[in-house]
Every structure is written in C-alpha cells, then in structure tokens.
Amino acid sequence: MKAEKSGGRPPNAKPRSSFSGRLGYVLAVAGSAVGLGNIWRFPYLAAKYGGGIFLLVYLILMLTFGYALIVSETALGRMTKRSPVGAFHAFGRGRAFSFGGWMNAIIPMVIVSYYCAIGGWVTKYLFEYLRGSTATLANDNYFPDFIAESASAEFWFVLFSLAVLVVLLAGVKQGVERVSKVMMPLLVLLAIFVAGYAVTRPGAMEGVKYLLIPNLENFSWMTVVAAMGQMFYSLSIAMGILYTYGSYMKKEVDIEKSTYQVGIFDTGIAILAGLMIIPAVFAFSGGAPETLNAGPSLMFITIPKVFASMGFGTGAGLMFFLLVFMAALTSAISLAESGVSTFEDQLGLSRTKAILLMGAIILLLGSASSMGFGVLSGLTLLGMTVLDFLDFLANSLMMPVAALATCLLVTRVVGLDKIAQEVEQSSAFRGKRLYGFFMKYLAPVFILVVLLSSIANVLGWISM
Ligand code: TRP
C-alpha cells in the first residue's frame, strides 16, 4: 500500500519519526499555532466584532469545539498514522471520505497564499524599521498608501513567498523551526513588554476595558461567525494539520493535557497581542470607530504609533517585526509543507514538482490578494477584497465543512469508543462524556447554523 503521509520525507524513506514526549509535542504544535493568527488576526477581529464579547464567545468556543476537535484530529492522526486524505481513506473509500479528506487538505493551500501577502507587509515593515523610518510609519496614511501601490506590495509579497519556497526546496525546514523555538520565548517577552507599555498610555484603559469586559450591546451574530473562524484558524484546526502532528505523537503522550496546554498558550498570546494593539487604538486614535473597524490593516496602523511614541522605538519596532516575521515564516512554511505533501502523496508528484505547484498557487492567489488593495481594487467578490474573500472562504465556509466532516467521521464511522480507546492509551479520558456530547450534538448543529447563516449573509438574504 502507498504510504500516505506528510511531514516532508520522501515516501518509504524511514519509519515515521515521532516527537520526543509531551513537551516536544506541545512545543511543535504551539509553534505552528502561534503566528499571524494571534498577532495580526485576533486583535483586528476583536476590535471589529465587539471587544470583550468577542473574547468571551471565543473562549467558550475554544473550550467546547476547539477542545473536541483537537482531541479528535490528534487521536485520528495517531490511530491511523496518516495525514488527512489518508486518514479519511483508512476508514472507507467512497466519495464522502475523499471529500472530507480533501476539504481538510485544500484549506492550508488557500490560507498560505494570502498569509504570504501579509508576510510581505511584515517584511516591508521590518525593512523600514531597519532603515529607521519609525516616525514615517506612524502616519495614518502610510499603510493605506503602501498597500494601494501594488508594485511595492507585490514586491514584498514575492520576496516573502520566495523565502518560504527556498526553505522548502533547500530542505532546511528543521533548522528554521529550531530558530523559531528560540524566538518564540523572545516574542512572548517582547509582547509582554510592549503590552505593558501600551496599556499604561493615557486613555489606554478604555481599550483594556473594551477588550476584556464583555458588553452585550456589541454582540451580533457576526461575532459568533468571526469567533468560530478565528478559533479554527488560530489553533490550526479543521485543516488536517493536527492529523499530521498526531501521527507523529507517541502513544504515551496525554492527548487531553497537551490539548489544554496548546489552547492556553495560543490564547494567551492572542490576548497579549490584543493588549498591545487595542488599548493603543484608544490611546492614540481616541478609540475612533473607523480605526476599530480597520480590519486587516489594524496592526500595521496602530503598532507603529506605539513605537514612535517611546524611547528606543526603532529598536523595539525592529525586534517586534523581526519576531513577527519569524512567526509568520515558520507558519507559512508549515502551511505550504502541508500542501506539498498532499501533492506528493495524492498526485504522486516529485517533491520539487510539488513545491513548484504550491509556489504557482501561492503566486497566483497571493498576488491577487496583495494587489486587491491597489490595481485590483475594482475586483471584489461578494463585496469583499480578494484577501478578505479568501480569508472568509477558508475560515467561515471551508473550515466549518471540514470540521463537520471530522465530526461525522468520528461519530458515524470510527465511533466515539475507538477515539476514547486511543486517548486512554496514555491516561484516563477525563472529559469523555462532554467530548461525546460536543461531537455528537453540539458541534454539528452549531456548525451547520453558523455555516448556513454566514452563507445567507453573504448572499444578502439576511443581514447580521
Ligand atoms: N495558526 C496559525 C496562526 O495563528 C496559522 C495556521 C493555520 C497555521 N493553519 C496552520 C500554521 C497550519 C501552521 C500550520 O497564524
């Protein structure tokens, strides 16, 4: 039988390698989970969709669905020792299985393309801090002008994407990950420092309150839709990644415990990033609604103001964007790697050809995303720019479908008992009954409701 797996080694090269233990596993998964999703995406969604109420909905979703899906994906991966397309096929052939597997496999390919466009913005800012343009970057118009000038945005996007592809081609992925393990703690320390500085600016307390105290008046159904998409995105779930990680996990590692640790770490960083950015919106822009609704631009507009206002701002800005760059690069590499191994395993391509195909997809979709604020700004899909559209497509439409496929696979085909057996290989399954309830009833019903309502919303049938 053909070896269906991912992880970058040519088929049949070596027996499947595994992580050294729980710490190794948690670090690896946290390394893939922490990225632009925490630092760039979470703060802008929280600012836009209600602050504290968004955070509350996010936490509830993470503790229910997030938990149940991480446990499922990890257990399925460890049970079958396969990545998603293979894991689905391990339980049956039919079209439904292929669909479920492919849905999980295609999502990272969509995400990585616009992820690289944002990686390009980060690279540009890193370069500007290197040149000491600290004061210029803090201008309100700097960022909109930069992304509107397509040639420049495209240049930085291509540069970032090339870095990703070169790392994959050179096969030094391990090295990059090792570097990022060192940088991750530095990022946490710097984030604590910047957040501490930001929340103590005059007027910033309003922003802290906005982020941490739920206010029902700010609630809308979109809060739930956005929080669910963010939970999938940030935890790297519903896209097959954890099947792959699970397949490398040793039998004695406690699945539940490592799930909690990854969740806490990932959410902690997201909240920290929120505390760097949202209070600054209040301190430097008076909490103006236009700024709170800035969307994907928020980090790039707000953070430079924080740096411009402090001593050593250039150094701090440089450090910050260097660390964000590393986090973005490692995430982009593992996203692209997931696409590459799907092509290798399922299409039988050589590794080089698979990387080139992935590169072509990134270039095509990523360029459209990057130019969507300039020359392509006339091109909107369902009223969204290309970047927003791809983001919506992946997080609000495809991921719920992929998550639903996993729920059905677990409850209808594999059976909750077999998942429980897998978890119990290492420890008691403490949340077993809740887990069963989430997978069987809560998750499918909830995902369907959210999915249908977000479709109805973009089609203009209902407004949320
Ligand atoms: N979770 C990552 C972030 O927060 C993004 C991401 C999604 C990712 N899926 C992934 C990273 C798969 C690595 C692998 O930025």
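The values are calculated or read from the model by the stated rules, or taken from the named source; none is laboratory data. Values in this document were obtained by computation on a predicted structure and should not be read as measured data. Note: ideal-geometry Cβ built from the backbone for every residue, glycine included; neighbour counts use all protein chains shown. All accessible areas refer to the heavy atoms of the entire protein, side chains included, with ligands and DNA or RNA removed. Shrake-Rupley method; radii C 1.70, N 1.55, O 1.52, S 1.80 Å.
General remarks:
- Along the range 165-173 the Karplus relation, 6.51 cos²θ - 1.76 cosθ + 1.60 evaluated at θ = phi - 60°, assigns HN-Hα couplings of 5, 5, 4, 5, 5, 6, x, 9, 3 Hz to successive residues, with x for each Gly and Pro.
- A 1.4 Å probe, protein heavy atoms only, puts the accessible area of THR259 near 10 Å².
- Here each label is just a point 7 Å from Cα along the line to Cβ, and for THR200 and LEU376 those points are 4.4 nm apart.
- Sulfur and carbon atoms: percent of accessible area, the range 121-231 [1.4 Å]: 68
- For the peptides 273-285, 133-145, the ranking by packing is 273-285, 133-145, with the highest mean count of neighbouring Cβ atoms within 10 Å listed first.
- Paramagnetic reach from ILE213 in the range 44-61 [backbone N under 18 Å; point 7 Å along Cα→Cβ]: 47, 50-57
- Calculated over the range 46-109: convex hull of Cα atoms, volume per residue (Å³): 106
- In Å, descending, principal axis extents of the Cα set of the chain: 59, 48, 44
- Multiplying the residue separation of LEU162 and SER309 by 0.36 nm and subtracting their alpha-carbon distance yields 49.5 nm.
- Cα long-axis angle, helix 399-408 against the chain (0 to 90 degrees, to the nearest 10): 20
- Counting Lys and Arg as +1 and Asp and Glu as -1 over every other residue whose Cβ lies under 12 Å from the Cβ of GLU290, the net charge comes to 0.
- Filter on LYS251/LYS432; LYS181/LYS418; LYS173/LYS251 - keep pairs with C-alpha separation over 27 Å: LYS181/LYS418
- Solvent-accessible area of TYR260 with every protein chain in place, 1.4 Å probe, in Å² to the nearest 10: 100
- Placing dummy labels 7 Å off each Cα toward the beta-carbon, the span from GLN425 to VAL188 is 2.8 nm.
- Here the sum of -39500 (n - 2.57) over DSSP H runs of 4 or more residues, divided by the residues of the chain, equals -22500 deg cm²/dmol at 222 nm, to the nearest 500.
- Working ranking of peptides 60-66, 332-338, 382-388, 411-417 by packing, defined as the average number of other Cβ atoms within 10 Å per residue, highest first, is 332-338, 60-66, 382-388, 411-417.
- A crude spin-label estimate for the pair LEU448 and LEU434, with each label 7 Å from Cα along the Cβ direction, gives 2.5 nm.
- In the chain, Cα pairs under 8 Å separated by at least six residues give a relative contact order of 34 percent.
- In plain terms, the chain from SER220 to ASP140 could stretch by 25.9 nm, reckoned as 0.36 nm per residue minus the Cα-Cα distance.
- A 1.4 Å probe run over the range 62-111, with the rest of the protein chains in place, finds 30 Å² accessible per residue.
- Residues in the range 251-288 reached by a label modelled at LEU63 [backbone nitrogen below 12 Å; 7 Å Cα→Cβ]: none
- Remark: accessible surface ordering of TRP156, TRP221 (largest first) is TRP221, TRP156, probe radius 1.4 Å.
- Of all aspartates and glutamates in the structure, the ones whose alpha carbon falls short of 13 Å from that of LYS48, not counting any fewer than 8 places away in one chain, are GLU290.
- Karplus-derived HN-Hα couplings along the range 424-437 (A = 6.51, B = -1.76, C = 1.60, θ = phi - 60°), whole Hz, x at Gly and Pro: 6, 4, 10, 6, 5, 8, 5, x, 4, 5, 4, 4, x, 5
- Rounded, prolate or oblate (a/c below 1.5 giving rounded, otherwise prolate when a/b exceeds b/c) for the range 320-464 by Cα gyration tensor: oblate
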